[in-house]
Each structure stands twice: as C-alpha cells, then as structure tokens.
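Structure, as structure tokens:
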Amino acid sequence: MSSEKKSNLFANKFLFLGIFMFVIFGMIKIIFFENIWFDSSFSLEFIASRNIFQMFLNPVDVHPPLYYVALDIWQSTLFVGKGIIEIQYARFLSLIFGVIFLVYLNKVVKKLFDDERFANFVVYTFAFFSVYINIFTEIRMYAMALMLTMIAFWHLLNAEKPNIMQDKHSWWFFIFSFLALWTHYYTCFFLGMAFLYMLYFKEKAFWMKLLGDFFSWGAVLWVPLFTYFITQFMKIEGMWFKGVTFMSFFSSLYYAFFHSNVNLMGDYESVIGLIFVFATLIFSILYYIGLRDLKEKRIILFLLIMGMLPQLIGLIINNFYNVYHHRFFIFTYWAYAVVVLRMLFNNKWKYKLLIGLIFFTFFVFKFFTFYSTIMTELDTMGDYVNDVYCYKDIYVLHESPFTSVTGQLYDRLGNCFYNTLLFSDLTKEQFASAGGAVIPMDTVINNTIYLEDYHELLYYQTEGNDLLNWTEVNWIKIILLDLEGIDLVFAYQID
C-alpha cells in the first residue's frame, strides 16, 4: 500500500472516529442528562396541540413551521411508549441532523482547502465542541437548519452552471436554501454569505444569473414565506433580547465553540472567555495577514467575514428591534471556527504553539464543565410532582412561562393534568413570543390578589422572588425541593 493510500485511509478513520465520538457524547447527554427546558418543551407541546396543516395555515409561533412538521412526522413513528422516552426520541432526530451536518462540513472544508486531512481534523474537533453537542441534542430547529445550510453551501461550491434548470448543484442549492429559510428565518444571514461567496469567487455572469433565478423561480416560495413572516410579525413583540451591547459580538464568537449564555462581562468564566476570544480573533487576523498562499488567503478572508459579519449586522438591526441573540447566528459560526482550526493545523505558522496552548486549555475546561453545568431542576420537579401529586386536586403556581410550559409537558407525558396558574403581566403580543401558542390563556393571572382565592398551592418559586409574600394572606410554606435557582414549595393559607 502506497504512503498516499495509507494517508487517505488514516484520514478516513479519523473522520469516522470524530463522528463516532460526537454520537457518543450526544447519546450521553440524551440518555443520562434528561434536562428539558422552555424551548424544547415548547416544541413538543406545540406539535401535540395542532396538526401539520394548522402549523402552516395559522402562524402562531415566532419561527417558520418546517421543523415542527419534521418533528411531528418523526414523533408519529414512536412505538416505544410515552413519558420521558418521548423526549429522548425527539432529541435523536436532532442528533441525526448533527451527523449529516458533520459529513457535509467535511465535504465543504475539503473542497475549500483541497486538504482531506485538515477536513477530517475539523470534523473531529467539532465533535468535541459543546455548542454543537448541545444544539444537536436539543429539540429545536437549529440542528435541522444548520444541516440544511451546510448541504446548500456544499452544492453551491460544486455548481458549474448558474441555471437551476441545467445544473443539479445549482438546483439543490436553491432547494436546500429555501428549506432552511422555512426552518429558521436567521438562515437568511447564511444566504447572504452564500451570495457573497458567489460575488467573491464566481464570475459576474454566474452570480447575476443564479441570483436572478433564485428570486424569479423562488417567487413561488418567497411570496408565501414573506406572507407567513408578516403574519407572525404582526402578532409578536420582541422581549427577551434586551441588554445587548457591542460586547455581545464577542459573546457570539465565544459561542462559535462553547455552549454558553454569558456576555463575557461578569464571572471568572467570562473573564477567561474574553481572553480566549481576543486571542483567537487577534491571531486569526495575524494569520490572514501573514499568509503567502493567495488562494488560501482569499478563502480565509471569506471565512472570517462569514463568521463575523452577520453578528455585526444583527447588532445594527437590534438598535431598532430586539432581534439579537448569539445562538441565532449559529448558521455561520462554523466559518470562524474553521479559521482558528486552520491556524492550529498549519505547522509553518510561528504562533501555533501559543494559540494552541490557549485553545487546548480552554477547550478541555469547557468540555468537562459542559456536562456538570446542565440544568436538571425542572426534570426533578416534574418527576416529583407527578409521583406524589398526580391524583390529587391541587393548584400549581408558576411565575414564568419558562417553568409552566415545561411543567405542562411533564403533566401531559405523565398523564397528570393539574389546575395550573401562571402569574404574568405580559401582553398578548409578548405571550406570542413566550410560549403563548401552547399556554391556556385562561390560566394566566396578572395580580397577586387572585391568589387569595386558593387555599393550597404547589409553587415553583424562583429564588429571590416570592409571589406569596406579596399578598395579604398568611401562607405557611414547606419547601419540598430546594434546588439551584428554584424551589418547589407546598403552601397553604391560615386564618
């Protein structure tokens, strides 16, 4: 066997090992860490409360419907029973999307750099990034949309003719791009970067023709999608993305590698994370400047732009409407991560040892802390309430949709249906972007005076926020579960 064939054999094994490890890490999270939070709970409750046609005809969520349709079809094949298994089963769909994403990531990087060993190194490293382990085990549309955008980009790289009716790659770029848009609106940033790629690497006649076909032939999909979006937009009010500053840009670069909600301005992880982000950013720019290979230099510049420009545009838009959250830009982050990994892979780069030490140290730290910081409080509470109170006539009080929707999911899966109260002063438009599509609105109260009508409550109490102390009623409270950040309290009135 020649040395070249041995090299290719090793590279293929390296690729397989990366995907295998990714699946193992994902299954560990799915099977042993049964955390389910608001967004994932909403997905399951959403498909349980309506059929496929309702998802398309009645836009009541902030996202397009295609993922929910896929999830509904996937869940309809469930033969192993309900309960917690339903949650795990739904997560496996995202894990499948993740495997397909890694396969096409390998193809894309190999095509861009003409380097199979580096392409396999990228996939192997991505398999350890906690942000991808989390996204591809979450019951949300990010996994599906990320897979679709990567497949679309692969076909764009291989397109030779700009006519979607004459070139199969142009056609599939067209199809997968629209499927992505019908899965998550922020894939429009990926689409913008795809057009930038055409402008940068293709001849003018190519990108003008393909762009024209995209908007002319795509009218049959653009028009209903735009109509769907406008209908949604008129029903909702942005609310969760306040407090965004320019520092959020660096939080986004941090999120390109590690699952985190920090803004890089507070605790010790934020400080270390800021060092990591600035180190990788500065050295990425230095790496680009120092490159002598003009072909690779153009590719690196494009990937840097793709990995950072969407967030900057998002920050500008956020000045007019609250739309910025770093997880929404996941569809282009991979480009920035590939640049950093290219630095580490290039043996001729003089700063490799320094940036490699910084990267590896933080990489190991974040990988092992990822599993230890997963939130399981709502799972623990849901199991406890269903085990102890399932057949008792009792009211359950929530302070926020973030706990009520998850509690509602556990009630349904456990076949336990409680009298639920949700305290909230959100407007109808705010509820539309906060789980209102699955929350029975007749259970919502907006004044603590209404709590005086109840004699016993199971209360999901956020630490530092006690609704029962705001009323004039004397409550006796017994803490049933004292968990990190939230308590489960049994409360009753005394005369």
For the stretch 79-98, indicate whether the set of residues that are assigned to a loop (DSSP other than H, G, I, E, B), modelled with pLDDT under 90 and acidic (Asp, Glu) is non-empty. no
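Being among the aliphatic types (A, V, I, L, M) and over 17 Å from residue 383 (Cα atoms) is the filter here, so list the residues in the stretch 458-495 that pass it.
Within the stretch 458-495, 467, 468, 473, 476, 478, 491, 494 qualify.
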Can you pull out the residues in the stretch 453-481 that are free of Cβ contacts under 8 Å to residues at least 12 places away in the same chain, farther than 20 Å from residue 418 by Cα and either surrounded by 15 or more Cβ atoms within 10 Å (Cβ to Cβ) or out of contact with any strand residue (DSSP E or B) (no Cβ under 9 Å at 6 or more places or on another chain) (or both)? 464, 466
Just to be sure before I move on: is residue 171 in a helix (DSSP H, G or I), surrounded by 15 or more Cβ atoms within 10 Å (Cβ to Cβ) and modelled with pLDDT under 80 in the structure I sent? no
Would you mention how many residues in the stretch 200-210 are surrounded by fewer than 15 Cβ atoms within 10 Å (Cβ to Cβ) and more than 14 Å from residue 153 (Cβ to Cβ)? 4
Residues of the stretch 23-69 being of a type in the set (D, E, K, R), at pLDDT 85 or above and closer than 25 Å to residue 126 by Cβ, in sequence order, are 39
Select from the stretch 289-308 the residues that are in a helix (DSSP H, G or I) and crowded, with 17+ Cβ neighbours inside 10 Å and list them in ascending order. 296, 299, 300, 302, 303, 304, 305, 306, 307, 308
Go through 55, 147 for me and flag whichever is surrounded by 17 or more Cβ atoms within 10 Å (Cβ to Cβ) and either assigned by TED's automatic domain parsing to the domain that holds residue 169 or within 30 Å of residue 299 (Cβ to Cβ) (or both). 147
The residue from 413, 397 that alone is surrounded by fewer than 22 Cβ atoms within 10 Å (Cβ to Cβ) and in contact (Cβ under 8 Å) with a residue 60 or more places away in the chain is 413
Which pairs do you get when a residue that is among the hydrophobic types (A, V, I, L, M, F, W, C), found in the stretch 19-48, comes within reach of a residue that is outside any helix (DSSP H, G or I) and surrounded by fewer than 19 Cβ atoms within 10 Å (Cβ to Cβ), reach meaning Cβ atoms under 7 angstrom, with the pair 6+ apart or on two chains? 33/374; 33/376; 37/375
Residue set 392, 428, 477; condition basic (Lys, Arg) and modelled with pLDDT of 85 or more; output residue 477
Top-ranked residue in the stretch 42-63 [being touching a helix residue (DSSP H, G or I) at 6+ places or on another chain (Cβ under 7 Å), outside any helix (DSSP H, G or I) and of a type outside the set (A, V, I, L, M); ranked as nearest to residue 140 (Cα to Cα)]: 61
Does residue 198 satisfy being hydrophobic (A, V, I, L, M, F, W, C) and assigned to a helix (DSSP H, G or I)? yes
List the number of the failed condition for residue 157; all other conditions in (1) within 21 Å of residue 342 (Cα to Cα); (2) modelled with pLDDT of 90 or more; (3) buried (at least 19 other Cβ atoms within 10 Å of the Cβ) hold. (3)
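The values are calculated or read from the model by the stated rules, or taken from the named source; none is laboratory data. What you are looking at is a predicted structure, and each value in this text was computed from that prediction instead of being measured. Methodologically, a virtual Cβ is constructed for each residue, glycine included, from the backbone with ideal geometry; neighbour enumeration extends over all protein chains shown.
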